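Take a look at the structure below.
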Amino acid sequence: MGTVHALLTGINAYPADRCTPLTGCLNDVEAAEELLVRRTGGRLELTKLLNGDATVNAVASGIRHRLGRARAGDTALFWFSGHGTEQPATERAHLDIEATGRFQALVCVDGLLVDKRLGVLLDEVAARGVHTVAVLDCCYAGGATRGRHLTARCASPDAAWFAAAARDARIPERPAKHVLLAATRLDQPSYEGRFKGRAHGLFSHALLGALRAAGPTATYREVHAAARSRLLVSCTYQRPTLAPAEPGGIADQPFLGGAGAPAFPARTCCGRTGGTAGRSTAGAATACQRGRAASSG
């Protein structure tokens with residue numbers, strides 16, 4: 001079985017004048033790392049981009065050059081926990097492929113990584129025969145909402161960020177070659193809450209719980225169904241997405257190619273985190289909305 005190359009990205013500390021800071025994203029990354037170490041053992045090559053290190057260029061470069069080290073038979077995993085956003089598509093070519101008539105994008109610490117550019121980057125890795133996976137725990141909601149235990153949040157970066165991102169939008173030439181596990185549908189909010197005193201994305205918490213309970217041959221479809229069931233216990237209006245979901249396709253292959261070896265030390269390359277620990281602050285139980293962007297549309 002080949003090597004698992006993972007790029008885990010989490011951003012809590014967004015610029016206060018641009019986006020609302022988050023609390024659970026570094027915890028998501030920490031928990032994902034722990035699970036990957038247990039499931040993959042010595043076959044893990046891990047890179048983390050946290051907070052200020054998670055710039056647009058760093059994330060794109062990490063996919064191209066860190067995940068790009070993977071070879072045929074290996075697995076590449078991109079995980080993003082943070083804000084997402086959307087903006088109306090204006091060019092005719094973009095409108096023809098955007099189901100909602102809007103761009104979705106990941107909100108990096110200094111700008112936007114548009115979903116179409118992200119998809120192209122991931123497919124470049126997959127084109128070399130690499131089993132390629134994206135987990136996106138973020139969303140975009142059309143407006144702010146409040147519930148009894150939920151505090152809404154969505155990122156609305158300024159026009160300069162959107163203008164720069166639109167220039168980067170590339171139209172995919174063919175269907176996606178990677179599998180996507182996303183926290184929500186295109187038009188839904190995503191939330192984070194507290195679990196035993198630690199903040200996590202509801203989707204990350206549900207997905208990691210489903211993976212801990214799953215065997216090494218569990219497929220993406222099975223893991224997605226289990227995570228969706230777990231998430232609906234906490235939030236009935238956040239629906240995770242699996243794509244592509246056609247029967248007999250990549251969704252019916254084992255998660256991470258069936259990686260499940262005994263634990264051995266993993267090699268890690270981590271960007272500077274500015275001394276920010278991946279632990280949530282103490283306080284009353286809350287849950288917060290994350291913007292979402294899907295790499296498939």
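Values quoted throughout were computed directly from the atomic coordinates according to the rules given, and no laboratory measurement underlies them. Note that the structure is a prediction, hence the values are computed from the model and not measured. Cβ sites come from the backbone with ideal geometry, for glycine too, and all protein chains shown count toward neighbours.
Arrange the peptides 185-197, 107-119 so that the one whose residues have, on average, the most other Cβ atoms within 10 Å appears first.
Final packing ranking: 107-119, 185-197.
Once fully extended, how much extra length lies between Ala16 and Thr217, figured as 0.36 nm per residue of separation less the alpha-carbon to alpha-carbon distance?
68.1 nm
What are the ³J(HN,Hα) couplings of the stretch 38-49, residue after residue, when phi is run through the Karplus curve with 6.51, -1.76, 1.60 and θ = phi - 60°? Round to Hz, x for glycine and proline.
So the Karplus estimates, Gly and Pro as x, are 5, 7, 10, x, x, 8, 9, 10, 10, 10, 10, 10 Hz.
Give me the extension gain from Tyr237 to Lys196: residue separation times 0.36 nm, minus the current Cα-Cα distance, reported in nm with one decimal.
Extending this stretch completely gives an extra 12.5 nm.
List the residues, sorted by chain then number, that are 5 or more residues from Asn12 or on another chain and whose placed amide H is less than 5 Å from its amide H.
Amide H neighbours of Asn12, under 5 Å, 5+ apart: Leu26, Asn51.
Using a Cα-Cα cut-off of under 30 Å, which lysines could be cross-linked to Lys177, ignoring same-chain neighbours fewer than 8 residues away?
Once the sequence-local lysines are set aside, what remains near Lys177 is Lys48, Lys116.
Of the peptides 77-88, 35-46, 18-29, how do they stack up when ordered by the mean number of other Cβ atoms within 10 Å, highest first?
Most protected by this proxy first, the peptides run 77-88, 18-29, 35-46.
Taking amide hydrogens as modeled 1.01 Å from N in the peptide plane, which residues meet the under 5 Å criterion relative to Tyr191, leaving out close sequence neighbours?
Those lying under 5 Å, H to H, from Tyr191 are Leu202, Phe203, Arg290.
Rounded to the nearest 0.05, what FRET efficiency is calculated for Asp252 and Ser61 with R0 set to 25 Å and r the Cβ-Cβ distance?
Working from the Cβ atoms, E equals 0.20.
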